Amino acid sequence: MKKIDSPKFIIFDCFETIVNNDLSAWKNLFGSFIDENKWEIETEKLWELWKSKEINFREIRTNLKDLNSNPPFKSYEKAWSDCFKKVFEELKFNANPDEFARRCVINMGKNKPYEDTSEYLNKLSRHSKIGIISNADNDFLNPVLKNIDFKFDYVLSSETAKLYKPDRRIFSIFLKENNLRGEDCWYVGDKEYDDVLGSSSVGMKPFLINRSVYNEIMEKNEYVSISNLIQLNKLIKK
């Protein structure tokens, strides 16, 4: 693929883009919930019950056909608590869902950046400003960003914006606050729906990162597919 002129701003998603979201850590946490409360249920079963409700929250939180009919904004912590409440009612467990949601927030904030993150954000910053737009609560986004050896020029969470990607309005907030046009920016994320669809709706150039694929780079109609930040850096005309 031919090299591209650097944009004024490169904006990144956070989790599974520049910071890991460790599935094993989630399941270990759910296992500890079971052990501490002496519940008679398998870890995988409890995880699947809760996750199915969490996925439903993600599916209904943004109505792209009519953004004005979105349900009232709900943080991840509140949504996770609601999911636990439904699970505990279903299983007839006597437990406080808020406490379990808070522990999930703390657990999420312990995720670590990928090996290439700090080095290549610093390299990319020689050519462009670097920012974050992430579907995340501040209480777990801020701790993971502090673990990255890099100072971001801009950070916007869904909790601060009271909007979730792919709602174009969260991207528009960024553009307005930085006096930019969509074509001035690249957006890098790991989800076609949240990241590619959302960023392209305001004219940004989207990059879809899939860290499970080894060293793949491919230009598609809707986006450029990459496997790591090393490839992103190589694409820029020096």
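The values are calculated or read from the model by the stated rules, or taken from the named source; none is laboratory data. Everything numeric here is computed off the predicted structure, so don't read it as measured data. Note that each Cβ is placed from the backbone with ideal geometry, even for glycine, and that neighbours are counted across all protein chains shown.
Note on the range 66-154: enclosed helices (runs of 4 or more DSSP H) holding 2 or more residues that are touching a residue at least 12 places away in the same chain (Cβ under 8 Å) and within 30 Å of LEU235 (Cα to Cα) are 117-124, 138-146.
The residue list GLY203, GLY182, GLY198 contains one member that is touching a Gly at 6+ places or on another chain (Cβ under 9 Å), surrounded by fewer than 18 Cβ atoms within 10 Å (Cβ to Cβ), assigned by TED's automatic domain parsing to the domain that holds ASP116 and without any contact (Cβ under 8 Å) to a residue 60 or more places away in the chain, which is GLY203.
Residues checked against (1) out of contact with any Asp or Glu (no Cβ under 6 Å at 6 or more places or on another chain); (2) farther than 17 Å from ASP139 by Cβ; (3) among the acidic types (Asp, Glu); (4) surrounded by fewer than 14 Cβ atoms within 10 Å (Cβ to Cβ):
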{"position": "TRP47", "(1), (2), (3), (4)": "yes, yes, no, no"}
{"position": "LYS53", "(1), (2), (3), (4)": "yes, yes, no, no"}
{"position": "ASN56", "(1), (2), (3), (4)": "yes, yes, no, yes"}
{"position": "LYS65", "(1), (2), (3), (4)": "yes, yes, no, yes"}
{"position": "ALA95", "(1), (2), (3), (4)": "yes, yes, no, no"}
{"position": "ARG102", "(1), (2), (3), (4)": "yes, no, no, no"}
{"position": "ASN107", "(1), (2), (3), (4)": "yes, no, no, no"}
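GLU159 fulfils the conditions (1) in a helix (DSSP H, G or I); (2) more than 19 Å from THR62 (Cβ to Cβ); (3) charged (D, E, K, R) except for a single criterion, (2). Apart from one condition, GLN231 fits all of (1) within 19 Å of the chain's Cα centre (by Cα); (2) without any contact (Cβ under 8 Å) to a residue 60 or more places away in the chain; (3) assigned to a helix (DSSP H, G or I); the exception is (1). Within the range 170-179, if we keep just the residues that are surrounded by 16 or more Cβ atoms within 10 Å (Cβ to Cβ) and out of contact with any helix residue (DSSP H, G or I) (no Cβ under 7 Å at 6 or more places or on another chain), the residue that is nearest to PHE12 (Cα to Cα) turns out to be PHE174.
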